[in-house]
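See below for the structure under consideration.
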Amino acid sequence: TAGFYVSGGGKDKNGGYRAEHTQKFYHSSVSKNTILLQLTPDTYEDYGLQRPLPEAKNFEQILSDRKYKRATITARYDNLKDGKGLVFLAGDISNAYDESSFVHRSMLALFTGDEKKPLYFFVYDQVDSLAKGIFLLNTLSEPIIKENTITVSSGEERGSLKNIVLLPQSPQIKKIGGKGHQWEIAGKNYSGGSEKAVNEKSESGWGRVEISSSGAKNGRQTLFNAMEVFSGEKGFPAEEIRLLQTEDFDIALSEEFALGFYKGKKKNDGKSEDDGKSEKTAISLPEKEVKKAMRLVLCNLPAGKWTVNGKTYEVSHESKILIAD
């Protein structure tokens with residue numbers, strides 16, 4: 001979370017819960033690494049299109065009223081042991097947004113057990129909306145952007161995060177941050193009440209990167225980002241990760257792994273894409289690209305038996321993940 005909660009203040013709008021910074025930025029979705037939808041960036045109200053909610057009267061209303069159900073978990077899996085393994089979580093977050101029929105986020109963490117490159121993290125977002133879908137990356141230091149790659153240094157720990165934008169293929173990457181712009185929304189920096197509390201150790205954030213498509217927003221928008229955490233003063237040589245697309249999958253491909261996300265169909269009749277069974281249960285992946293020795297993981301598959309390049313696997317309804325031997 002970017003921003004900073006200022007303690008105290010009471011009725012003073014320059015401090016505490018009522019502070020402009022707390023109300024307008026810190027409690028806003030733009031301060032979290034979630035998806036933004038944007039029709040126009042001109043006003044605070046139109047920035048993000050997260051659906052506002054009235055304060056609930058009681059806990060029962062939160063549980064029973066559909067408008068308070070912002071997300072539904074569609075898949076989860078965990079085989080993490082001794083610092084190595086996979087963690088997968090996916091959810092339908094459509095009900096959190098206006099101007100959208102479908103918003104779905106999938107996250108896959110691959111823990112290597114290697115101190116020099118401990119983590120790969122993949123985020124796969126699908127958006128059906130006339131609004132532009134935006135992937136957010138809040139940072140503590142100023143990021144370095146080169147083509148479709150964003151690198152962020154952690155500073156004292158001499159570790160770094162490298163974010164590779166796989167989709168869209170011609171992304172629009174925008175930096176918003178630095179002094180006077182750390183907490184900016186629609187051209188205004190919501191800093192009121194925060195200055196006294198912010199210092200080098202506060203971790204209130206340098207700013208953020210917004211990643212979106214630079215073209216027309218027709219039909220489905222897919223935002224696919226691959227992240228690597230690595231150590232070393234100059235940075236451990238990061239894994240080269242590239243995009244491989246097939247009819248059914250968007251795949252993050254490297255010499256070590258092929259991690260694919262099932263594209264699925266558009267949502268209709270109020271049902272999630274993965275409800276029910278798929279008509280297709282056999283998958284052919286290009287063997288020249290996906291080597292037999294490579295680790296193959298496919299996510300968001302409907303439950304059932306799937307045959308991949310001639311070998312059959314069982315996919316559970318809870319995990320919706322296929323891990324090849």
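The values are calculated or read from the model by the stated rules, or taken from the named source; none is laboratory data. Computed from a predicted model, the values in this text were never measured in an experiment. Neighbour counts run over all protein chains shown; Cβ positions are idealised from the backbone, glycine included. Just the protein is used for accessible areas: all its heavy atoms, side chains included, with ligands, DNA and RNA removed. Shrake-Rupley method; radii C 1.70, N 1.55, O 1.52, S 1.80 Å.
Being charged (D, E, K, R), under 23 Å from residue 18 (Cα atoms) and either open to solvent by less than 30 Å² (accessible area, probe 1.4 Å) or modelled with pLDDT under 90 (or both) is a condition met by no residue of segment 127-139. All of 137, 161 fail the test of being in a strand (DSSP E or B), out of contact with any Leu (no Cβ under 7 Å at 6 or more places or on another chain) and within 18 Å of residue 231 (Cβ to Cβ), apart from 161.
The residue list 98, 78 contains one member that is of a type outside the set (S, T, N, Q), at negative phi and modelled with pLDDT of 95 or more, which is 78. Checked against the criterion of being surrounded by fewer than 19 Cβ atoms within 10 Å (Cβ to Cβ), more than 18 Å from the chain's Cα centre (by Cα), charged (D, E, K, R) and at pLDDT 90 or above, the candidates 256, 247 yield just one match: 247.
Only a single criterion out of (1) closer than 25 Å to residue 78 by Cα; (2) in a loop (DSSP other than H, G, I, E, B); (3) modelled with pLDDT of 85 or more is not satisfied by residue 286, namely (1). If residue 5 satisfies all but one of (1) hydroxyl-bearing (Ser, Thr, Tyr); (2) at pLDDT 80 or above; (3) part of a loop (DSSP other than H, G, I, E, B); (4) surrounded by 14 or more Cβ atoms within 10 Å (Cβ to Cβ), what's the number of the condition it fails? Single failed check for residue 5: (2). Screening residue 64 with (1) in contact with a strand residue (DSSP E or B) (Cβ under 7 Å, 6 or more places away or on another chain); (2) open to solvent by 50 Å² or more (accessible area, probe 1.4 Å); (3) polar (S, T, N, Q); (4) farther than 25 Å from residue 139 by Cβ gives one miss only, at (1).
Remark: residue 182 falls outside the filter, which requires a residue to be assigned to a loop (DSSP other than H, G, I, E, B) and under 19 Å from the mean Cα position of the chain (by Cα).
Name the residues in segment 59-107 that are closer than 27 Å to residue 259 by Cα, assigned to a strand (DSSP E or B) and of a type in the set (Ser, Thr, Tyr), would you?
72, 74, 77, 101, 106
If the condition is being of a type in the set (D, E, K, R) and closer than 30 Å to residue 117 by Cα, then segment 37-92 contributes 76, 78, 81, 82, 84.
Considering segment 140-157, and only residues there that are part of a strand (DSSP E or B) and touching a Ser or Thr at 6+ places or on another chain (Cβ under 7 Å), the residue that is most open to solvent (accessible area, probe 1.4 Å) turns out to be 144. Under the condition of being modelled with pLDDT under 90, among the charged types (D, E, K, R) and under 16 Å from residue 24 (Cα atoms), the residues counted in segment 163-220 number 1. Of everything in segment 35-58 that is assigned to a loop (DSSP other than H, G, I, E, B) and in contact (Cβ under 8 Å) with a residue 40 or more places away in the chain, the residue that is most open to solvent (accessible area, probe 1.4 Å) is 42. Residues of segment 80-118 that are free of Cβ contacts under 8 Å to residues at least 24 places away in the same chain, under 21 Å from residue 321 (Cβ atoms) and over 20 Å from the mean Cα position of the chain (by Cα): 81 alone.
The residues of segment 302-319 that are open to solvent by 40 Å² or more (accessible area, probe 1.4 Å), in contact (Cβ under 8 Å) with a residue 24 or more places away in the chain and in contact with an Asp or Glu (Cβ under 9 Å, 6 or more places away or on another chain), listed by number, are 305, 309. Consider residue 110 carefully, then state whether it is open to solvent by 40 Å² or more (accessible area, probe 1.4 Å) and within 22 Å of residue 251 (Cβ to Cβ). Here the answer is no, as residue 110 does not meet what is asked.
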